[in-house]
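Everything below concerns the one structure shown next.
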Amino acid sequence: MRVLSVFRNFFGIFRWQRIRTFSLLFAVGLGLSLAISAYAPSANGSSSHSGTIPIPQTRQTSYETSQTVAANNVVRIGYQKAATILNALKNRGELEKALASSGFSVTWNEFPSGPPLLEAINSGSVDFGYTGESPPIFAQAAGTPLVYVAYDPWSPKAEAILVPKNSPIKTIADLKGKKVAFAKGSNTNYLVVKALEKAGLQYSDIKPAFLQPADARAAFEGGNVDAWAIWDPYLAVAEKATGARILTDATGLAPNRGYYLAAKSFVQAHPDTLKKLLEQVRKTTDWAKKNSAEVAKFLSSELKIDAGALEVAEKRRDYGVLPITNEVIAAQQKIADTFYKIKLVPKQVSIKEIVWKSS
């Protein structure tokens, strides 16, 4: 009996110590969570304590997979449904065939826009992706280990600032004091800045409404914003569905290029695999150039958007997988410097420092 009594006392002490330890860890974890939440970006993309765009930090995301994936010869690709080439490449299945001979497989992760895709590169869960020209600037400012590996010429006519067809707004100058919707940190963010500058206005002269395309369309059609800066195919859809008028496209204001980007660790560890990947991207690009009607049909089923509007979008854009030249670097640097000047990014960055030399 004395032995049993000793064991009971020991077990009671052990259990109490475990409870105390768990309670302490829980309290510390809760405190850290609250502290982090206080400085986290709000749902609309704004920050409660700074005028700059919130810079994503390295953290787990819902897209993240095991850090051992890259070591297991799996190329993890981030894509957007509206980004034609990578979405088509996924659908065609040619990349998987091309990489199988060298022992690599492929996984695909869908993202709503460029910034969260680059955050996934930052967290180590994506190796390769495609975005517009602005997101990588914010990612570089955040210290994301990414590399520019190629660019897509796209087209300055494939993005624009829209107003409703019956709007009294006739020029960019008329946007003073008005609410303009666009995705924060996107290509159209830069278009808005340059269009205002040309019209003699400051960025502070408008009321930005930071919205992703789906929410921005609802706000635009519902009359909750005065103008909308958006890219194709959403641009073409808004024109056809609502009769929206274009105040200006990006001609003479912004190059509106797209960029193929990769994690620095992937570029360093697997340069030959990256070259094979880019070759398959190029082949898909060649197909898209020659088959605009087929591309529109494919995107229509993917995006649930009218194929006629998508054909309009396809005809006013260009495709390519081109090497990063000094001219391209200079244009991208100009965008980065502009964002720093108006305090959208917290520090200056040097684009040429993260360009893949083999490109």
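The values are calculated or read from the model by the stated rules, or taken from the named source; none is laboratory data. Remember, predicted model here, so these are calculated numbers, not experimental data. All Cβ positions, glycine included, derive from the backbone under ideal geometry; neighbour counts span all protein chains shown. To get the accessible areas, we keep the full protein, side chains included, count just its heavy atoms, and leave off ligands, DNA and RNA. Shrake-Rupley method; radii C 1.70, N 1.55, O 1.52, S 1.80 Å.
Taking into account only those residues within segment 306-322 that are more than 21 Å from the chain's Cα centre (by Cα) and assigned to a loop (DSSP other than H, G, I, E, B), which is farthest from T284 (Cα to Cα)?
My answer is D306.
Would you tally the residues in segment 123-132 being buried (at least 24 other Cβ atoms within 10 Å of the Cβ) and touching a Lys or Arg at 6+ places or on another chain (Cβ under 8 Å)?
Residues that pass the stated criteria total 4.
A313 - would you say it is free of Cβ contacts under 8 Å to residues at least 60 places away in the same chain, closer than 15 Å to A236 by Cα and surrounded by 14 or more Cβ atoms within 10 Å (Cβ to Cβ)? Write out each step before concluding.
Numbers: free of Cβ contacts under 8 Å to residues at least 60 places away in the same chain: no; closer than 15 Å to A236 by Cα: yes; surrounded by 14 or more Cβ atoms within 10 Å (Cβ to Cβ): yes.
So A313 fails the test.
If we scan segment 245-266, do we find a residue that is open to solvent by 50 Å² or more (accessible area, probe 1.4 Å), in contact with a Lys or Arg (Cβ under 8 Å, 6 or more places away or on another chain) and closer than 30 Å to S125 by Cβ?
no
Hey, Q333 hits all of (1) open to solvent by 20 Å² or more (accessible area, probe 1.4 Å); (2) over 23 Å from the mean Cα position of the chain (by Cα) but one; which does it fall short on?
(2)
If you take the residues in segment 336-358 that are small (G, A, S) and surrounded by fewer than 19 Cβ atoms within 10 Å (Cβ to Cβ), which one is modelled with the highest pLDDT?
S350
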